[in-house]
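These notes are about the structure you will find just below.
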Amino acid sequence: MLTGANLVGRFLLELAALAALAVGGYAVPGPTAVRVLVALALPVGAAVLWGRYAAPRRSVPDAVAAWYLTQAVVWGGAVAALALSGHGTWAVVLAVLMAVNTVALRALGEWSPSVRR
């Protein structure tokens, strides 16, 4: 039960990271068309990286360094995007929730590049 709840929490945090990247992308200075393009490109790029290197059913299963790097880039980028777009409180909340969830999943043996579903 605890593992399932943490895995659902992890999925929701992954979706929140994509939303945070979109918010950060829309906050870049420039014309509206550029802002919309960046707001779409950042989460799509993150989703592609995540699906290739960090998802449980990733297409490159043996790239351990890429697994860690992708998570750091996507999650760190999401927190940075919120902070840089003026949503510092939400950035801190997201970072804390990500850290708590990661520690819980690690303690349950569910946060590792060897975990596959």
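What FRET efficiency comes out for THR32 versus TRP90 if R0 is 25 angstrom and r is the Cβ-Cβ distance? Round to the nearest 0.05. So, using R0 = 25 Å, E works out to roughly 0.65. Listed values for region 90-99 are Karplus-derived 3J(HN,Hα) couplings in whole Hz (6.51 cos²θ - 1.76 cosθ + 1.60, θ = phi - 60°), namely 5, 5, 5, 4, 4, 4, 5, 4, 4, 5, and x replaces Gly and Pro.
Where only DSSP H runs of four or more residues are counted, the chain gives -25000 deg cm²/dmol as its mean residue ellipticity at 222 nm, each run worth -39500 (n - 2.57).
Values in this text are rule-based calculations from the coordinates and carry no lab data. Here the structure is a predicted model, which is why all the values come from computation and not from measurement. Don't worry about glycine lacking a Cβ; one is built from the backbone with ideal geometry, like all the others, and counts go over all protein chains shown.
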